[in-house]
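The values are calculated or read from the model by the stated rules, or taken from the named source; none is laboratory data. Everything quoted here is computed from the prediction, not taken from an experiment. So basically every Cβ, Gly included, is an ideal-geometry build from the backbone, and we count neighbours across all protein chains shown. Just the protein is used for accessible areas: all its heavy atoms, side chains included, with ligands, DNA and RNA removed. Shrake-Rupley method; radii C 1.70, N 1.55, O 1.52, S 1.80 Å.
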Amino acid sequence: MDRGILRIQPLATTHDRLGFSCGVPALDRYLREQAGQDARRRVAAPFVATTDGVRVIGFYTLSATSIELSDIPPAQARKLPRYPRLPATLLGRLATDLSVRGTGLGRVLLVDAITRAVRSEIASFTMVLDAKDESAASFCAREGFIRLPGTPIRFVRRMDDLAAVVGAP
Ligand SMILES: CC(C)(COP(=O)(O)OP(=O)(O)OC[C@H]1O[C@@H](n2cnc3c(N)ncnc32)[C@H](O)[C@@H]1OP(=O)(O)O)[C@@H](O)C(=O)NCCC(=O)NCCS
């Protein structure tokens, strides 16, 4: 990573996405071709990391979703009302450029996403994280998310737990 100031901001037209490569072509393509449209249509909120304000070196997306009560692991479902579905926040995509891989940016992006999610005034019971493959899955597990059985490879972690992680009330 170069020594500029790391900024994580909503994706804007001034951000250069063309050179971004995380090793997963579908994610690179998403950032190049789809993320801007998703933002304009309010389907997902993409956030990008830069050190020069321009070249994207990492990104993630947040959107509202819901999760079935029966999908929540018993240990995380204590004292919940019997609503059939619960509000959740989807961290749909998370990727760092290969040039900065392993430098801590993945975790920084994850903490930034958690911070934005717990700050929201709209209730969300849990964060949902979809992993692309087993390698991404081990990243999610290391970060304290609980894997749900079945496919896609999906992880969850309660928002009150995440709030404590980032020191939010
Ligand atoms: C997953 C990803 C975002 C991690 O980004 P990163 O910048 O390498 O992550 P960090 O440098 O912040 O690493 C954070 C911790 O996770 C670990 N980690 C990172 N990638 C890992 C992987 N694939 N498997 C296991 N552990 C991993 C790191 O070793 C580090 O742990 P440590 O602090 O104990 O050493 C990145 O590998 C990526 O973009 N992958 C391709 C896209 C993808 O699969 N996205 C889905 C993610 S859910």
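Once both labels are positioned 7 Å from their Cα atoms along Cα-to-Cβ, the gap between Leu148 and Ala75 label points is 1.8 nm. Given a 10 angstrom Cα cut-off, can you work out which residue in Arg142, Arg107, Arg17 is the most mobile in a GNM of the chain? So, out of Arg142, Arg107, Arg17, the one fluctuating most is Arg142.
The phi torsions of the range 24-31, fed into the Karplus equation with coefficients 6.51, -1.76 and 1.60 and a -60° offset, translate into couplings of 10, x, 5, 6, 4, 5, 4, 4 Hz, rounded to whole numbers, with Gly and Pro shown as x. Here the gap between Gln37 and Ser138, fully extended at 0.36 nm per residue and compared with their Cα-Cα distance, gives a gain of 33.3 nm. When the helices of the chain are scored as -39500 (n - 2.57) per DSSP H run of n ≥ 4 and the total is divided over every residue, the value at 222 nm lands at -7000 deg cm²/dmol. When DSSP beta bridges are restricted to pairs lying wholly in the chain, around 85% turn out antiparallel.
Using only the Cα atoms, what convex hull volume per residue in Å³ does the range 52-150 have?
Spread over its residues, the Cα hull of the range 52-150 gives 117 Å³ apiece.
Remark: the range 147-159, residue by residue, has Karplus-estimated 3J(HN,Hα) of 7, 8, x, x, 10, x, 6, 10, 10, 9, 8, 4, 5 Hz, where x stands for each Gly or Pro and the curve is 6.51 cos²θ - 1.76 cosθ + 1.60 at θ = phi - 60°. Counting only protein heavy atoms and a 1.4 Å probe, the range 1-111 has 56 square angstrom of accessible area per residue. With respect to the chain, whose longest principal axis is taken over its alpha-carbon atoms, helix 105-119 is tilted by about 50°. With both bridge residues required to lie in the range 1-97, what share of the DSSP beta bridges run antiparallel, to the nearest 5%? If we restrict to bridges inside the range 1-97, about 95 percent are antiparallel. For Asp160 and Val108, what is the calculated FRET efficiency with R₀ set at 35 Å and r taken between the beta-carbons, to the nearest 0.05? Between Asp160 and Val108 the formula returns 0.95.
Which percent of the Cα-Cα distances in the chain go past 22 Å?
Summing the P(r) of the chain above 22 Å gives 43 percent of all pairs.
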